[in-house]
Each structure stands twice: as structure tokens, then as C-alpha cells.
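To keep things clear, I will list the structure first and then write my remarks on it.
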Amino acid sequence: MVNVTDGYGSSILGYPRIGPHRELKRALEGYWRGTLGRDELEAVGRDIQDAQFSELAATGLTQVPGNTFSFYDHVLDNALLFGAVPKRFAPFQEGMHPLDFYFLMARGRPDLPPLELVRFFGTNYHYRQPELSADTEFALRPDALLDEFDRAKEQGIELRPVVLGPVSLLLLSKAGHVPGESGGFDTLSLLEALLPVYEELFEILAKRGATCVQLDEPAFTSERTPAELAAFEAAYQRLGTAPLRPRMLVTGQYGDFGEALTILADTAVEAIGLDLASHRIRPEDLAKIPGIRRKRLYAGVISGRNVWRADRYVTLEYLHELAQVCPDLVVSTGTTLLHVPYDVLAEYDIEGHVADRLAFAKQKVGEVVSLAKALTEGPSEKWRKRPTEVHFKQKHAVRQRVYAVTPDMRARESYEVRREAQQRRLNLPPVPATTLGSFPQTTPIRRARHDLGEGRLSYDEYRKRIEAEIESTIRLQEDIGLDVLVHGEHERNDMIQYFAELLDGFATTHFGWVQVYGSRCVRPPILYGDVSRPAPMSVEWISYAQSLTDKPVKGMVSGPVTMVARSFVRQDQPLHETADQVALAIRDEVVDLEKAGIAIIQVDEPAIREMLPLRPEGRAEYLRWAVGAFRLATSGVRAETQIHTHIGYSGRAEVVEAIEELDADVTAIVATRSIEWVLRALNEDGASGYGLSHGVGPGVYESRSARIPDIDELDELLTAAAEAVTPQRLWANPDGGLKTRHYWQLEPSLRNMVAAARRIRRRLEAGG
């Protein structure tokens, strides 16, 4: 471990890895298209790594993290670091280059679905979930980690390798399934087999000259069972006494480390990292933990999940108090900086009073270094001149409108009344077939949107191009035989960004890219002020689409909770107040869509489940205001207007009850290849009396996969779904939007889905 006894240290827990100009995204997509060679792709990866550790060392950080780069996903990287290859992929390993085999697991192919994509601890990042079997054999594969470590060492820079901790690696994995074999076992049963491989890595690093290794255990900022906590304790009691190892830093990112902190304090682990930006611990409470004074504390006071500058005076005072409890202290970030953009100085279009309050990854590194220096030497003259406080101008009309919200504004007529009114209006067949909004974004449409933004294309010409694409999408859906159509969202780059650009109170960036997974990046908006809707946002496009067909076309709007969850949100007021402001703006849009004659309006809320607090405390209150915000956004329409939503299901009773309380007429469910467990859960929830009682569309195939499901498979899934929710309430749909698909994948999949839905109808008509 780097010696910081002459002062307080500074470090971060990780850094963005897509490149300041999305170099990795372009290289990956070029490689996947076949226009970039493997050597060129690997060179891009090395350049990003080398630039990163050189830049971070130059900032004055006393410790620089390593092994934070990934060509696709760091959780998958860690699984492969320890040789955890899923059984269904193992037959392909020997005949493929390691990088191509890696992408096979991450992306799949038509006959081999990829590893499941799972959201990472309430962030916008998704990881590919490793699959383990009871007989998984671990074997160390450290070449990439050691190559980076050695390159940095040649430049005089010692990296602190970052590795996913053994218990979190197992808890974030799932029991893999091989056709013909029974699945289901406790992944923690593999801990005894895994720990020796970690010890092997430690020995190699120690002999290489590494003084510290970082083990991330984010799974323990969530609620954990006594057995899981016991496994955590056993793991670190053993690793702490490994015969040859670097010093260990164990981090608890994304919230309250809880019981794991007390367990670690009683082991030989030398250092503990706490996310004090997400969960601030009082110094007096920290002091009560036996053994904590003997540990080096990585005080994560700078948030890795938002883009707001820290109050340096308040933070410095807090650090002084922490140093009285843990004198061996390193100023750090609470999480990796993977979740924020690179550099706010690249933004030229954000108003100064907003930009002055922002800190992206580069600025956050500067905050860490500055705080550590001030803690060691005292504030500089620059610090002594406290900046003028900035107050955003509040909109009186917005605040008055929120204060005037009544319970009646969050309620509609009963579902039975609405159902009859909607059936009279829509006259849909049993098991209606639809999609969930987006269709592929073609290169000409992306170019047209870019040219409009650059002023090279007039709005009239842009509108004509979008309308032509909408008409093509409508005609294709009619030909496929879908019962409820969508306009395709061709005018939208990213759903959240699209609406943020049209709402007051949001700022959007030009270069604020954040990785979601693989080459997929988004620019989260910055919600800084009171929110209102100056004008209709989607009515023009949806109305045009509806004018082209006699079939109903869904209006497509992002829900208020999802808008909040997928933005960087102001911190000067409670989230529920911000959510209600957004909900009222969405309510105006929904009402205007209804006035324009749109009979079905989908208000997507996938983030309601995703934002659920990781620990039980606060869940009930969160669900109360989240449900309330959705109902405020959707309860301004008449009974005959059908409200849809799109959400991730959960086996947790309180979440299922919250989905029911949303009171949407139809809920489409993200299944992500796990529809079997969703169907089981729907059956069990119904039997237990807290299941969904309205319309349900349990996504019958994974929209993000290139695989084309056949008719018999979809028929089987829809038949099972009909048994779970009754045919009268069942809808047929994919489990997500189709934006990232190619038409050659999309069209046959949808035709097969429609054919399967029609089979169900024929059996119903025949009394089967």
C-alpha cells in the first residue's frame, strides 16, 4: 500500500472507460461490423488504459486504481478472470480467440442467447450476469490485469488492481441452466472452491510488487441473509490470513455497508472503503465499531453517482471529524466514477449558473485531491474565498400547482368501468399483439437528426423525413398483423433525453456520455430546477401516425419516476417533490394526447422497480410517492382512454403490490429470457391474493437478443401466460423496445408472435 503517513491520502475507486470521445464505442462497433481488426481494437483498449492511469497519476492522487477498463462489462471480466465459463458456452471456447469468445457470451448469436443483462445496484449501468454450475471449476486467468500493471510500472506508476470480491461475484451470478439438466443450487456453495484462486492472484500480485489490491463487495450494501453474512465473514477471515498477499482494501459501494463493516473491522483486512456520499455515517457511530481505529478508512465523500459539486467546507469539516476516529484516512469517491461523464469543461451549451455547480469525473478527481490536501495542510487562500452561493430561480406557478394536488387527481374510475368503456371503444381481439414503442433507428434518420441539430437541415425537411419513416413503420406493422401499433419513436435519440430537451428545468449535454453496457451509451439529462412543459412534446408525431391507419396507435411517454431515475437530479429538495413536478408535466402531455384522439397511451415506468432502496428502510415510503407520481401523471384522462405501462417484474410482494397500485390498464413486463419465472410468480402471486388483476403483457421474447423465436415456442409461452393471467387479460408483446434490432431480426420475430397469438384466439373460439 502506498505510504501516506506524512499526510492524508487521496484515491478514487474507478474511472470511466469508454474514452473521452467514446473511442471504445466506435472501435467495438467497427470490430463487430468487421471494419476494424482485432489488433486495432486491442490497441484502442491499451491506449485508453495508458492514458487513464497516466492522467490520474498526474493529478496528484496518492493511489491510482487499475484493472478498471473493460471491453464490455467488468463483472463478466471478473468471472473470466477466475475461469468461470458457463457450461452452455464452454464447447465454443477452444476454437475461438479469447476476445471473440468473450463477445459471444456478452452478445450471443441467433442460436445462443447471451448472458442475462441485469441492472447494477440502482444505477443506469447493466452487467452480464455470470452463470455458474455446481461443478464449476475456477482457474486464474490474470494476463490482462498483469499486462496493465506491468505497463504502468514501467512508467513509474503503481496501480492498485481492482477486483470484484469473491462473495459479491457469487451473489451477482446465477445458477446456469443446461438443457436436460435440473438447475438450481446456491452459488455461495462454490465459495470454498473460489477462495484459493483469489489467494493465487494475491501471491502473483505480491511477487509483482503490488502493495494493495482493491476488492469490491457491493452486494453487501443490499439486504443480506445471515448465511450470506456468515459466508462474507468466513471469506475475509481466510483471505486476511493468506500467506503472501498485498494489503487489502475492501469497498462497500452504492450505499450502507451495514453488518459487513462490523465484520471486516474484526478481520485482518487492512483498509475499508465506505460510500459516505450515499450513506453518511456519524463519526460517533463509526467509533463504536470494535477494531475500526486500526483500519485505513477510504472515506468516500465524493459521489460517483451524481454530477453536483460537493460543498467543500461541509465535507472538509466532516473529514476532520472522521480523522479523529480513523487517523489513517484516505479521501476517496463513494463509488467508481463509471457512472458520470468525463469532463464538464467539454460542455459549451450549459448555462453558467448550472455549469458552475457541476463536477464530472475529472472535476471529481480534483475535488478528492483538493480535499486531501486541505485536510493535510489546511485550506489554501483559494479556499478561504468562499464562492457565492447559487440559488436557482424557482417557478412560483410550478410550486403552487404541486401544492394544489389533491388525492382525487391521483385516481381514476374503477378498473371494471374502464375496461368495459375501453373495449367498446377499441374492440380489440383476445390476446392483442403489440410492441413496446421503438423501432430501429436507421442511419439516415440518425443523420437527419444530427443535421437538424447542426443547422444543416430545416425543420420542415426534417419533419418530412421523420413522417416518411413513421409511415413506413405503420405499413410494416399493418402487414405483420399487429393489433395495436406504435409510431416507432424515430424522432427520439434516447427516450429520456428527448423529453428532457423539451421540458423546462432540465439541461442536456453534448458530450456527457455514460456507459450503460458494452457500446451502449446515454447522455443522462441534468434535472436542476423546477419542471414544467412549455408545449406538447409528442402529440404532432403520434397524431400523424394515427392519421395513417384505422388501428389504434399508442402514444409513448416516459413516466415521471423513470425521468427522475435516469437523470442527474437536483438535491435541494425531496425526490417526491421533484417527481410530482415531472408528473404534472407528463399529465399535461397525456391529456393533450387524449384530446388529439389517441385511445391508448403508454407511460413507461421501468425505473419504479429499479429505484427500490437496496435495504428495507425507506422502501414503503419510496413506493408510496413513486406510485403516487405515476397516478398523478396518468389520472387526468377519461375511462375509455387506455393507459399502458412497461415495468420490470419482481418476486418481492411489496413491489408486486405497488405495480398493482399503479392502476394501469395494461402492464407490460420485462422478462429478459426469464419469462418462466415471471409466469410462475404471476401464478403464485395470484394464488396468494396480491397478484396483478389488470391487463398483463409478460414479454414473450427478449427484445435485446438477435435470436428469432419460433411460433411453437411463443405459442407455448403465451399458453402458459394465459393460464397465469387468463386469456381475457393477456397481451402479446416483446419484453422491450426494438430500437437496437435490425429489421431482418425484428420482422420474423413479430410475425411469429402474431401467429402464436392467433393460435390462442382460435383455440378460445373453439372452446379449447
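The values are calculated or read from the model by the stated rules, or taken from the named source; none is laboratory data. Note that the structure is predicted; figures quoted are calculated from it, not measured. Counting neighbours? That spans all protein chains shown, and the Cβs are built from the backbone with ideal geometry, glycine included. Keep in mind that these areas ignore ligands, DNA and RNA; they rest on the heavy atoms of the full protein, side chains included. Shrake-Rupley method; radii C 1.70, N 1.55, O 1.52, S 1.80 Å.
Table: residues versus (1) open to solvent by 10 Å² or more (accessible area, probe 1.4 Å); (2) at pLDDT below 85.
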| position | (1), (2) |
| --- | --- |
| ASN683 | yes, yes |
| GLY689 | yes, yes |
| SER693 | yes, yes |
| SER749 | no, no |
| ARG762 | yes, no |
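Name the residues in the stretch 588-614 that are part of a helix (DSSP H, G or I), open to solvent by 10 Å² or more (accessible area, probe 1.4 Å) and acidic (Asp, Glu), would you?
From the stretch 588-614, those part of a helix (DSSP H, G or I) are 588-595, 607-610; that's our starting set.
Checking which are open to solvent by 10 Å² or more (accessible area, probe 1.4 Å) leaves us with 588, 591-592, 594-595, 609-610.
Scanning the stretch 588-614 gives ASP588, ASP592, GLU594, GLU610.
State all residues of the stretch 558-571 that are over 19 Å from GLU621 (Cα atoms) and more than 17 Å from the chain's Cα centre (by Cα); if no residue qualifies, say none.
Listed by number, the list holds a single entry, ARG570.
Just wondering, is there one or more residues in the stretch 419-435 that are closer than 27 Å to LEU503 by Cα, under 31 Å from the mean Cα position of the chain (by Cα) and not hydroxyl-bearing (Ser, Thr, Tyr)? Lay out the reasoning, then the answer.
From the stretch 419-435, those closer than 27 Å to LEU503 by Cα are 435; that's our starting set.
Retained after the next criterion (residues that are under 31 Å from the mean Cα position of the chain (by Cα)): 435.
Then keep just the ones that are not hydroxyl-bearing (Ser, Thr, Tyr); that gives none.
No: the stretch 419-435 contains no residue that is closer than 27 Å to LEU503 by Cα, under 31 Å from the mean Cα position of the chain (by Cα) and not hydroxyl-bearing (Ser, Thr, Tyr).
Name the helices (runs of 4 or more DSSP H) wholly within the stretch 379-433 that hold at least 3 residues that are modelled with pLDDT of 95 or more and within 20 Å of HIS644 (Cβ to Cβ)? Give the derivation first.
Numbers: elements: 381-384, 396-403, 415-426.
Because the criterion is at least 3 residues that are modelled with pLDDT of 95 or more and within 20 Å of HIS644 (Cβ to Cβ), the helices (runs of 4 or more DSSP H) in the stretch 379-433 that meet it are 415-426.
Taking GLY300 as meeting all but one of (1) touching a residue at least 24 places away in the same chain (Cβ under 8 Å); (2) over 25 Å from ALA507 (Cα atoms); (3) more than 23 Å from the chain's Cα centre (by Cα), write down the number of the exception.
(3)
With respect to LEU41, is the statement that it is within 21 Å of GLU148 (Cβ to Cβ), of a type in the set (A, V, I, L, M, F, W, C), touching a Pro at 6+ places or on another chain (Cβ under 8 Å) and touching a residue at least 24 places away in the same chain (Cβ under 8 Å) true? So that I can check it myself, show each step before the final result.
Numbers: within 21 Å of GLU148 (Cβ to Cβ): yes; of a type in the set (A, V, I, L, M, F, W, C): yes; touching a Pro at 6+ places or on another chain (Cβ under 8 Å): no; touching a residue at least 24 places away in the same chain (Cβ under 8 Å): yes.
In short, no.
Given ARG492, ARG446, which one is in a helix (DSSP H, G or I), closer than 30 Å to PHE360 by Cα and under 31 Å from the mean Cα position of the chain (by Cα)? Give the derivation first.
Numbers: ARG492 fails: in a helix (DSSP H, G or I).
Within the list ARG492, ARG446, the selection yields ARG446.
Just checking, how many residues over the stretch 337-348 are within 21 Å of the chain's Cα centre (by Cα) and either at pLDDT below 95 or part of a helix (DSSP H, G or I) (or both)?
Qualifying residue count for the region: 3.
Provide a single number: the residues in the stretch 615-627 that are touching a residue at least 60 places away in the same chain (Cβ under 8 Å) and open to solvent by 40 Å² or more (accessible area, probe 1.4 Å).
Initial filter on the stretch 615-627 (touching a residue at least 60 places away in the same chain (Cβ under 8 Å)): 615-616, 626.
Of the ones still in play, those that are also open to solvent by 40 Å² or more (accessible area, probe 1.4 Å) are 616.
Qualifying residue count for the region: 1.
Looking at the stretch 559-587, which of its residues are under 30 Å from LEU426 (Cα atoms) and either polar (S, T, N, Q) or open to solvent by less than 10 Å² (accessible area, probe 1.4 Å) (or both)? Working first, answer last.
To start, the set of residues in the stretch 559-587 that are under 30 Å from LEU426 (Cα atoms) comprises 559-563, 582-587.
GLY559, PRO560, VAL561, THR562, MET563, VAL582, ALA583, LEU584, ALA585, ILE586 - these are the residues of the stretch 559-587 that are under 30 Å from LEU426 (Cα atoms) and either polar (S, T, N, Q) or open to solvent by less than 10 Å² (accessible area, probe 1.4 Å) (or both).
Which of the residues spanning the stretch 522-545 are of a type in the set (A, V, I, L, M, F, W, C) and open to solvent by 30 Å² or more (accessible area, probe 1.4 Å)? Please lay out each step first, then the result.
Applying the first criterion (of a type in the set (A, V, I, L, M, F, W, C)) to the stretch 522-545 yields 522, 526-527, 531, 535, 537, 539, 541-542, 545.
Of everything in the stretch 522-545, just one residue is of a type in the set (A, V, I, L, M, F, W, C) and open to solvent by 30 Å² or more (accessible area, probe 1.4 Å), namely ALA535.
If PHE185 passes every condition in (1) out of contact with any strand residue (DSSP E or B) (no Cβ under 6 Å at 6 or more places or on another chain); (2) open to solvent by 30 Å² or more (accessible area, probe 1.4 Å) but one, which one does it miss?
(1)
Only one of these is under 19 Å from THR123 (Cα atoms), in contact with a helix residue (DSSP H, G or I) (Cβ under 6 Å, 6 or more places away or on another chain) and charged (D, E, K, R): ARG615, ARG566. Name it.
Details: ARG615 fails: in contact with a helix residue (DSSP H, G or I) (Cβ under 6 Å, 6 or more places away or on another chain).
That would be ARG566, the only listed residue that is under 19 Å from THR123 (Cα atoms), in contact with a helix residue (DSSP H, G or I) (Cβ under 6 Å, 6 or more places away or on another chain) and charged (D, E, K, R).
Please report, ordered by residue number, the helices (runs of 4 or more DSSP H) entirely within the stretch 45-138 with at least 1 residues that are at pLDDT 95 or above, open to solvent by less than 20 Å² (accessible area, probe 1.4 Å) and not hydrophobic (A, V, I, L, M, F, W, C). Steps first, please.
Numbers: elements: 74-81, 90-93, 98-107.
By residue number, 74-81, 98-107.
Among residues belonging to the stretch 715-747 that are touching a strand residue (DSSP E or B) at 6+ places or on another chain (Cβ under 8 Å) and either basic (Lys, Arg) or over 28 Å from TYR415 (Cα atoms) (or both), point out the one that is surrounded by the fewest Cβ atoms within 10 Å (Cβ to Cβ).
Out of the qualifying residues, it is THR740.
Go through the stretch 477-489 and give me each residue that's part of a loop (DSSP other than H, G, I, E, B), of a type in the set (D, E, K, R) and more than 10 Å from ALA433 (Cα to Cα).
At the first step, the residues of the stretch 477-489 found to be part of a loop (DSSP other than H, G, I, E, B) are 481-484, 486-487, 489.
Filter once more, keeping what is of a type in the set (D, E, K, R): 483, 489.
Correct list: GLU489 only.
Each row is one residue, and each column tells you yes or no for (1) free of Cβ contacts under 8 Å to residues at least 12 places away in the same chain; (2) open to solvent by 70 Å² or more (accessible area, probe 1.4 Å); (3) among the hydrophobic types (A, V, I, L, M, F, W, C).
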{"residue": "LEU452", "(1), (2), (3)": "yes, no, yes"}
{"residue": "ARG456", "(1), (2), (3)": "yes, yes, no"}
{"residue": "ARG465", "(1), (2), (3)": "no, yes, no"}
{"residue": "ASP479", "(1), (2), (3)": "yes, yes, no"}
{"residue": "VAL484", "(1), (2), (3)": "no, no, yes"}
{"residue": "HIS487", "(1), (2), (3)": "no, no, no"}
{"residue": "MET495", "(1), (2), (3)": "no, no, yes"}
